[in-house]
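Working notes for the structure below.
The values are calculated or read from the model by the stated rules, or taken from the named source; none is laboratory data. This structure is a prediction, so every number in the text was calculated from the model and none was measured. Neighbour counts run over all protein chains shown; Cβ positions are idealised from the backbone, glycine included.
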Amino acid sequence: MKLNSTVLLTLILLILMLGSGSVSAFWGFTLGSAALKGVTSPDARPTNKFASSKSAKEQHTGLALLKEDEILKIVKSRIEGKTKAAKAKKQDDDDEETNNNKKREEKPLQVAEQEKPQAGFPINSESEGVSISVQSARFSGGALLLKVKMQNKGKDSVRFLYSFLDVSDDKGRTLSASTEGLPSELPANGPTYSGTVSIPTALLDDVNRVSLALTDYPAQRLRLEVSNIPVER
């Protein structure tokens, strides 16, 4: 009886050991499977390696390295293009400036050609080789404008102060006037100078003729007089 109980206890222990071992093995397998989820083994097939390397090359085809010669050619062509453009612009500017200068030079000539001599002019006066000539008398901008030319053919230069210019009407009244462009000094054997004597229109209501008188300064050795300049409205 005692032997049977010992055998039974041994069998029970053996069954418990087998059961616990089976449970441990199953539990370990389950944990290992869960841990290895998502982990794949490397693909060692040569065809896949070739495909992956090919795709990598395709991704880098956008970056193309230029040779040094090609880079120098591109830089040279761009520099030459900018230089040509700058030269063309400068040439255009020079041509435009030349044309403008020609127009400015031609315009006074055209005006002079179109302006017809006024009847009764010029009126001249000369003293000691110095001459004065009134070319025209026209109203413009609220004033009577007398166009005047002066020249010194003598051997000595002559100076003038135009504040001493005497302007009078046909009734002997003194008129105020201003000058523009007339030289303060006429050099000996010099060129002809042009200017304007301006008389306000308000002073010429009943005036038909005006006269000019000018002497040199300070010597006062000559006197230029231009009389009976007609005033036409």
Complete set of residues in the range 197-224 that are among the charged types (D, E, K, R) and farther than 15 Å from residue 143 by Cβ: 206, 209, 216, 221, 223
Among the residues of the range 145-161, is there at least one that is at pLDDT 95 or above, in the same structural domain as residue 128 (by TED's automatic domain parsing), more than 18 Å from residue 121 (Cα to Cα) and under 43 Å from the mean Cα position of the chain (by Cα)? no
Of the residues in the range 135-156 that are closer than 18 Å to residue 216 by Cα and of a type in the set (A, V, I, L, M), the one that is surrounded by the fewest Cβ atoms within 10 Å (Cβ to Cβ) is 150
Among the residues of the range 158-184, write down those that are surrounded by 13 or more Cβ atoms within 10 Å (Cβ to Cβ) and farther than 15 Å from residue 223 by Cα. 168, 169, 170, 175, 177, 178, 179, 182, 183
Residue list for the range 77-89, filter: among the basic types (Lys, Arg) and either modelled with pLDDT of 75 or more or in contact with a Lys or Arg (Cβ under 6 Å, 6 or more places away or on another chain) (or both): 78
Conditions first: (1) touching a strand residue (DSSP E or B) at 6+ places or on another chain (Cβ under 8 Å); (2) in a loop (DSSP other than H, G, I, E, B). Residue 172 passes all but one, so which condition is the exception? (1)
Select from the range 185-200 the residues that are part of a strand (DSSP E or B) and polar (S, T, N, Q) and write down the one among them that is surrounded by the fewest Cβ atoms within 10 Å (Cβ to Cβ). 194
For a quick check of your reading of the model, give me the residue pairs whose first member lies in the range 148-171 and is touching a residue at least 40 places away in the same chain (Cβ under 8 Å) and within 11 Å of residue 190 (Cβ to Cβ), whose second is assigned to a loop (DSSP other than H, G, I, E, B) and among the aromatic types (Phe, Trp, Tyr), with beta-carbon atoms closer than 8 Å and at least 6 apart or on different chains. none
Inspect all residues belonging to the range 189-196 and state whether any of them is touching a residue at least 60 places away in the same chain (Cβ under 8 Å), closer than 16 Å to residue 142 by Cα and not charged (D, E, K, R). no
Would you tally the residues in the range 201-233 being closer than 15 Å to residue 151 by Cα and in a strand (DSSP E or B)? 6
